[in-house]
Amino acid sequence: MAYTLVEAAKYSNDKLQVGIIEKLVYDDPIFEKLKFKDIKGNGLTYNVETALPDINFYSVGETWTEDTHTVTQSTAVTKIMGGDVDVDNFLQVTRGNLQDITREAIDEKVKALKKTFYETFWYGNATTNAKKFDGLHTLIASTTSPYENTLALGSANTTPTGLNMSELETAIDYIKGFKPQLIVMAKPMRRAINTYLVGVGGISYGDAANRRVQTLFEVDVAVSDYLTVTENVNELYGSTYGHQGTTGDGTTGSDVGTSIFVLNFDDKGCSGLQSMPITIERIGVLETKDAKRTRIKWYPSLMLQSIISCSKVTGIDYDGAVAA
């Protein structure tokens with residue numbers, strides 16, 4: 001059974017751990033929906049459907065032919081994330097009447113954990129960095145019909161192209177057998193889209209979890225601070241260019257490209273797995289300095305069991321004019 005981090009935290013008696021998860025997930029549209037499957041060991045091997053079987057019409061007495069669907073075996077391997085928080089005993093004693101220094105230091109570490117996870121969630125590639133798991137740019141990269149999940153817009157190597165709304169709608173249509181649940185983009189990309197929408201009639205909104213959210217084509221819209229507008233646009237997708245996991249982490253790119261993702265969070269859609277949930281380990285007093293150490297660690301990964309459950313538009317010039 002897979003649970004979101006918040007649901008899983010309800011089974012924990014560690015108040016500090018529960019508080020950290022709540023802080024991690026608070027007002028986060030992805031973590032609110034992303035489910036994690038607990039596994040034993042360091043990986044999960046699963047089948048990704050790559051071709052449907054045939055169904056034919058036959059004449060009376062004709063010989064029937066048999067075939068089956070085609071799958072490709074893939075393995076999601078969990079990785080080690082974490083960090084140590086050392087709090088000096090002198091500071092805790094002398095400043096503890098003003099604030100909980102340990103809790104403040106842990107809160108800052110949680111922010112760093114979230115940042116590192118999301119950078120890998122979008123841009124991770126285990127081939128170029130074996131310490132990381134594959135992110136969505138790596139997992140979503142097919143342009144083979146009828147299993148297309150990627151629409152690249154770059155007109156040439158390093159040259160992104162402005163977005164047409166019909167292209168975003170095409171990416172939504174790539175998702176088959178699943179309901180698109182969330183469109184995620186960088187903040188500058190949303191500003192460009194909203195400038196266009198205001199000019200043609202206005203921005204649409206819907207209600208979700210006691211708050212209003214913007215929608216596009218009846219799908220909720222969210223922004224991510226960790227999707228960049230400096231993606232390299234040098235991955236060739238047939239005749240067009242975009243970004244892919246092997247072309248960098250998106251933060252050091254030399255181009256001005258960005259991507260928009262359309263996600264589904266069902267069990268066979270965008271889902272996480274973990275060999276160990278987020279854990280708070282109290283190491284205690286250190287021998288080499290007058291301080292106490294707390295360790296935050298997590299063994300997560302990401303998988304996409306159906307390649308047509310999610311999609312992306314890549315190679316977008318976020319600063320270009322958005323059109324119909």
Exercise. Condition test on ASP249, is it of a type outside the set (Phe, Trp, Tyr) and more than 22 Å from LYS111 (Cβ to Cβ)?
Worked result: no
Seminar exercise, completed: Reported set for region 42-56 where residues are in a strand (DSSP E or B), hydrophobic (A, V, I, L, M, F, W, C) and farther than 15 Å from GLN274 by Cβ is VAL48, ALA51
Seminar exercise, completed: Filtering region 261-277 down to residues that are surrounded by fewer than 19 Cβ atoms within 10 Å (Cβ to Cβ) and not in a strand (DSSP E or B) yields ASP266, ASP267, LYS268
For this session: Being over 19 Å from PRO29 (Cβ atoms) and surrounded by fewer than 19 Cβ atoms within 10 Å (Cβ to Cβ) is the filter; apply it to region 215-236 and report the residue that is nearest to the chain's Cα centre (by Cα).
Result: THR230
Problem set entry | Residue list for region 278-312, filter: in a loop (DSSP other than H, G, I, E, B) and either of a type in the set (D, E, K, R) or more than 22 Å from GLY242 (Cβ to Cβ) (or both) | LEU286, GLU287, THR288, LYS289, ASP290, GLN305
For this session: Show the residue pairs that are 6+ apart or on different chains and have beta-carbon atoms under 6 Å apart, the first residue being within region 235-250 and more than 13 Å from THR159 (Cβ to Cβ) and assigned by TED's automatic domain parsing to the domain that holds SER224, the second being buried (at least 22 other Cβ atoms within 10 Å of the Cβ) and of a type in the set (Phe, Trp, Tyr).
Result: ASP249/TYR123; GLY250/TYR123
Exercise. Got a number for residues in region 17-27 being within 25 Å of THR294 (Cα to Cα) and not in a helix (DSSP H, G or I)?
Worked result: 1
Exercise. Has region 57-73 got any residue that is in contact with a strand residue (DSSP E or B) (Cβ under 6 Å, 6 or more places away or on another chain), in a loop (DSSP other than H, G, I, E, B), modelled with pLDDT of 80 or more and polar (S, T, N, Q)?
Worked result: no
For this session: Pairs only if they're at least six apart or on different chains, beta carbon under 6 angstrom, first in region 71-92 and farther than 15 Å from THR279 by Cα, second acidic (Asp, Glu) and loosely packed, with under 15 Cβ neighbours inside 10 Å; list them, first residue then second.
Result: ASN89/ASP290
Exercise. Which residue pairs have Cβ atoms under 8 Å apart, sit 6 or more places apart or on different chains, and have a first residue in region 213-227 that is on the phi > 0 side of the Ramachandran plot and touching a residue at least 12 places away in the same chain (Cβ under 8 Å) and a second that is of a type in the set (Phe, Trp, Tyr) and not in a strand (DSSP E or B)?
Worked result: none
For this session: With the condition kept exactly as written, say whether any residue in region 138-156 is touching a residue at least 12 places away in the same chain (Cβ under 8 Å), in contact with a helix residue (DSSP H, G or I) (Cβ under 6 Å, 6 or more places away or on another chain) and among the polar types (S, T, N, Q).
Result: yes
For this session: Scan region 25-50 and report the pairs whose first residue is surrounded by fewer than 16 Cβ atoms within 10 Å (Cβ to Cβ) and whose second residue is aromatic (Phe, Trp, Tyr) and in a loop (DSSP other than H, G, I, E, B), with Cβ atoms within less than 7 Å and a gap of 6+ or a chain change.
Result: THR50/TYR147
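The values are calculated or read from the model by the stated rules, or taken from the named source; none is laboratory data. In this text, all values refer to a predicted model and were calculated from it rather than measured experimentally. Neighbour counts are summed over all protein chains in view; Cβ atoms, including those assigned to glycine, are modelled from backbone coordinates with ideal geometry.
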